[in-house]
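Single-structure report; data block below.
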């Protein structure tokens, strides 16, 4: 720049705005920064805010320095101890807060503004919900209000004026922003970052000991969402989502084994291809790598997803971001003819323990039951004598014996535990499967929502000639657990009701519209996740759908044409001169003058010519119109210069009709003129 | 500078968005970027369509501030326009739509004579301070700069009337000569109020001082001073004498003004002093 600008001091309203901006921008971070920093921030903003209204003694310089050093040291210690983003956001906030202490010039204001922009962006790393996004919009608006205020010291309307202005500018920037958002290529991360925020508790764990799942059964947070290519959900008895299998049993605990990656499954998939259900999953961050496969899994088209030989899917690394993938399932579960490897693993049981169960199984063998008959006998036993509850009695010692012969109550874990043990004793290769059962179908957006409380465990048994067969012992004791949604099933049981998470559910039961709204809200959330938060997954497909094959030329055209149009519209709005409202009477004069001008250019009314003298001039050249023009100009005079209100309306009507006649005359004249001209 | 820092922050946010694959951070980044572009248009529109016309100027003294007057008009409201000459104070103004605003742009005059309006700049940082829209303006406009009045030099014929109070008394010695029609700028105490009361209209009394009382601001009065100093002293005395309704004349090489009194005379004298020895006068 050619001239040096002297340090411009900030006006009081702009300082006020800067403080408001800081409060707004920092607010979403309060949950993530240490409490002492929050209180210091509030104290400083409050102090500076008060000193804007009344002169306060300033802190002595040494005191301020000591304070600054203290805060910096505290934040540095905190940032080095906390991992990831909480440290970053507290550093930024501490910097902004300390800057407030020396808020004098416009330059200081700029520093605050820029830091605030960054803080606003960082807040989206913690929370990406619609609410957070809306709030982010509001905080950007306050940032730009403060910036506007810094460059326009408007004292009177210090609150509304910059708000309006910044809202206007933001609104005008929206088209451009959307275009950039749509077509800016999403690059993969430049360096890898892991952060453990907003990871929901899952309903599953790496191993299973009866008792684990019961605690998790009550989280109503979302595990994943699924949409089906057909748009129709599978029947409720088919909604088994496998997450992992537990083949290893040590007498107490079922746990996962090292599974090999299955490569053959995709091939098989293309060979058969009958009765396959194709579905797309959006998995919520879980900090685990397992994923969800609809039973019976039949291949994963998504490349990044690993397929294991036990039919489970896993992501390459723990999931910290929403993950999208699609897969296929064969609901009929036809046996693909592959032999069972490592049969011993699926039969191994501890040598001792649970004698009663062993005796029962030995009796089956003595009777000569086939594997199917053994399964049926067990399930029948469950069906007759057992009850399903979320809060069973505690088991001690020979837990399976105790469960099978004494307490005879429990939930999915207990049943699958006992079933798998008994079947293994009976010589049937068996494994426990953990996953989810059920899902709520959202009819508005056609997807299924699976929540953490729908976590479930069941058993798979290997039957020669049939392969792995799903056996859900829980279905035998409580068939309604399979058919009814989990929430509906347990809405009456006290332990379920006592939980906070289900208070909303009970309210929904009594108020049906609330249920509808919550479904609609989740539908909105689904679209939000899919189209905004997961846009990098959708982008290339979307752009290809719209514009065909993508080339650099097309991308550039795509960028410059809409950007050009958007900017043209904005500049047109900005440069538009607000037009004067022209009185209807004056408008008539203009029209008549234009009409006469088209007859002969000389007859146009000149600038500053009064209507009366104009009419006289025209009458001189067009005597035909004299009488009408006289009436017309007389009426005009009456309306304009005789201040009698009741006459004016009447005169206006007369004037308008007279003017209509005049225009007709002019038109006729023009035609005659034209005819004459053509004869000549 | 602010704009560059802003772009750096935008870039940082972009890095954040890329690394965390966070589409909302992308959105913030693009919002800031689009705002950057929109701000260009806003700043441009804040200056585009402005009409400036030059108004007449009033003379000033050398080493003092002269005001060049302009009228600004715009069909749209414009905010925070900053105008000013290089190295001079800048003034800031908000324009309402379709209202004429008269402004005075200060200019520090360094030399006597005709001072042409230099290039001056009108600019605006509004609304976000990211950009400056500006334009250089040159008007064919001049202001007359009188010499700087400097007290000094003895006025020989003034000796004996060492105080200004005495000067007022001295006026009584002068003979009343005639009434002449009122002219703007005539001193209040020279108006013939009695004649006015009688219905003769505003008349100004003129006095015929005795020949010995007549004062001459003569070029040769202070041979010890340089030319400019002489002009400055003459300027000073001219102002002093005319304030006291004293008759005085001016004698410069080649120019002589007969003794007279009053504001008109003073201005004539000052103009002559301002332009003395300058080409084109």
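Sorted ascending by nearby beta carbons within 10 Å, beginning with the fewest, A:206, A:401 become A:206, A:401.
Once Rg and the Kirkwood radius are both taken over the C-alpha atoms of the stretch A:118-165, their ratio Rg/Rh works out to 1.11. Peptide B:11-21 shows a mean partner chain C-beta count of 6 within 10 Å per residue C-beta.
Any idea what % of Cα-Cα pairs in the stretch B:77-158 are farther than 21 Å? So the portion of pairs separated by more than 21 Å is 47 percent. Legend: P(r) of the stretch A:348-458 from all alpha carbon pair distances, 10 Å bins from 0, whole percents, reading 13, 39, 29, 12, 5, 1. Note on B:75-88: average number of Cβ atoms from other chains within 10 Å of each residue's Cβ is 2. Taking the number of Cβ atoms within 10 Å of each Cβ as an exposure proxy, the fewest-first ranking of A:406, A:142, B:31, B:82 is A:406, B:82, A:142, B:31. For the peptide A:111-122, the mean number of other protein chain Cβ atoms found within 10 angstrom of a residue's Cβ is 5.
Inverting the pair-averaged 1/r between distinct Cα atoms of the stretch B:2-45 gives 10.8 Å as its Kirkwood hydrodynamic radius. On the principal axes of its alpha-carbon atoms, the stretch A:584-679 has extents of 51, 25, 21 Å, going from largest to smallest. Over the stretch B:1-92, the alpha carbon radius of gyration divided by the compact-protein estimate 2.2 N^0.38 Å works out to 1.74. Sorting B:219, A:458 from the fewest to the most surrounding beta carbons within 10 angstrom yields B:219, A:458.
Measuring spread by the Cα atoms of the stretch A:12-153 yields a radius of gyration and Dmax of 14.9, 45 Å.
Every number in this text was worked out from the coordinates using simple rules, so none of it is lab data. Please read these numbers as outputs of a predicted model, since none were measured by experiment. Please note: Cβ atoms are built from the backbone with ideal geometry, for glycine as well, and neighbour counts cover all protein chains shown.
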